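Pasting a structure below so you can have a look.
The values are calculated or read from the model by the stated rules, or taken from the named source; none is laboratory data. All of these numbers come straight from a predicted model, not from anything done at the bench. Every residue, glycine as well, gets a Cβ built from its backbone with ideal geometry; the counts of neighbours run over all protein chains shown.
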Amino acid sequence: MKWLTAALLLPLAALLIYVSADLPDRGDPDAPANLHLSPELVEVTERDIEIPNIVTAVLADVRGYDTLGETLVVFTAGLAVLLVLMRGARPRDSGRSNER
Amino acid sequence: MVWELELALFGLLVVSAIVALQLRDLIAAVAALSVYSFMAAALLAMMGAVDVAFTEAALGAGITGVLFIGAISLMHRRSVD
Amino acid sequence: MTEQHDSIILNFVVRVLLVPFIFVFGVYVLVHGEASPGGGFQAGAIVAAGLVLARLTTGSEHGERRISTRVLLWLASAGIGIYVLAGIVPLLAGVNFLDYAALPVEWFNAVAGHERTNRAMGIFIVEVGIFIGVFSVLVILYDHLTERFTDD
């Protein structure tokens, strides 16, 4: 079983490494992502928001909906964990009635 | 000079990930996972994504270790497979 | 719950040297998030890490009396509420949801004595909401994962 997994995963790794040679270089100004979207975001940040950190501007303003959803996900996850962990918990002032 | 450092960080990243998978003691695995997170944060910082590196260092290497150990203490310490 | 440690060195280093520094650094990351790397998520994680460190050394019971799960749940909801409010107030003013340019925060420029756009101010308000939410959720998670230590 272990050899089967390796035999499946190693060609996949080789394929991914081979394909990654075609990706644009890191920070390449001619990469597609840097050609039409990034200049606009830089311009909007400089003109309308006037803060130095473009990442924060994009995260909280341009993609505000996204960050709202992200915060809600964190909150909901915390709430779900709380509900699961409190299921077997004892009431505040009674004795040790826990099954563990 | 930069790419040698990055290569070393990548090597440590892969090694710590494999170590975290192989360990039977889950608390030691959490420690290895923290090392993994820290290497990832260092790599992200070298790539220029400082905000992401910040989040990874604070959440991945800081909080999740404590939360994982808290979760492990609620169950068995050794992994069985 | 975790117990208090007896080591005076550990107590001194954590409570006097580390935790105040971590708190101040977290707030710095929050308020400086517009100018340097950082923001609500990171600051919340850092301050929560500081509080978790304090609870690990002084014991949960000591800390939970100061800031209980009930308070933390209210805080988390208030964080989300700040964010949603920053979205709804522009909606009432007649523009899009989360359009910070319509937030009524111009008076703050006169108070603080600097010039900032409404959108920068809106970003800061939203970051504060994220900070409170993430911080409370992480501390709630820690509290309830370690709650049953004494039972087994």
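Is region C:131-143 home to any residue that is buried (at least 18 other Cβ atoms within 10 Å of the Cβ) and not in a helix (DSSP H, G or I)?
no
Just name the residue that is surrounded by the most Cβ atoms within 10 Å (Cβ to Cβ) out of those in region A:76-85 that are at pLDDT 90 or above and over 15 Å from the mean Cα position of the chain (by Cα).
A:Gly78
Let me ask something additional. Just to be sure I understand, how many residues within region A:48-68 are surrounded by fewer than 18 Cβ atoms within 10 Å (Cβ to Cβ) and facing chain C (nearest Cβ under 7 Å)?
4
Output the number of residues of region C:83-101 satisfying the condition of being under 16 Å from A:Val62 (Cβ atoms) and among the small types (Gly, Ala, Ser).
Matching residues across region C:83-101 total 3.
Mind listing whichever residues of region C:65-118 are under 19 Å from A:Ile51 (Cα atoms), within 8 Å of another protein chain (Cβ to nearest Cβ) and not aromatic (Phe, Trp, Tyr)?
C:Leu98, C:Ala101, C:Arg116, C:Thr117, listed by residue number.
Further question on the same structure: What's the total number of residues in region B:18-38 that are in a helix (DSSP H, G or I) and either closer than 18 Å to B:Val66 by Cα or touching an Asp or Glu at 6+ places or on another chain (Cβ under 6 Å) (or both)?
The total comes to 14.
Suppose we filter B:Ser73, B:Ser16 for residues that are within 14 Å of chain C (Cβ to nearest Cβ) and either touching a Pro at 6+ places or on another chain (Cβ under 7 Å) or not basic (Lys, Arg) (or both); which single one remains?
B:Ser73
In region C:93-111, is there at least one residue being of a type in the set (Gly, Ala, Ser) and either in contact with a Phe, Trp or Tyr (Cβ under 8 Å, 6 or more places away or on another chain) or in contact (Cβ under 8 Å) with a residue 24 or more places away in the chain (or both)?
No: region C:93-111 contains no residue that is of a type in the set (Gly, Ala, Ser) and either in contact with a Phe, Trp or Tyr (Cβ under 8 Å, 6 or more places away or on another chain) or in contact (Cβ under 8 Å) with a residue 24 or more places away in the chain (or both).
Table: residues versus (1) surrounded by fewer than 19 Cβ atoms within 10 Å (Cβ to Cβ); (2) in contact with a Leu (Cβ under 9 Å, 6 or more places away or on another chain).
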position	(1), (2)
C:Asn11	yes, no
C:Leu18	yes, yes
C:Val29	no, no
C:His32	yes, no
C:Ala48	no, yes
C:Leu53	yes, yes
C:Gly59	yes, no
C:Leu75	yes, no
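A further question on this structure: From B:Val35, B:Val66, grab the single residue that is farther than 21 Å from C:Val29 by Cα, free of Cβ contacts under 8 Å to residues at least 60 places away in the same chain, within 11 Å of chain C (Cβ to nearest Cβ) and of a type in the set (A, V, I, L, M).
That would be B:Val66, the only listed residue that is farther than 21 Å from C:Val29 by Cα, free of Cβ contacts under 8 Å to residues at least 60 places away in the same chain, within 11 Å of chain C (Cβ to nearest Cβ) and of a type in the set (A, V, I, L, M).
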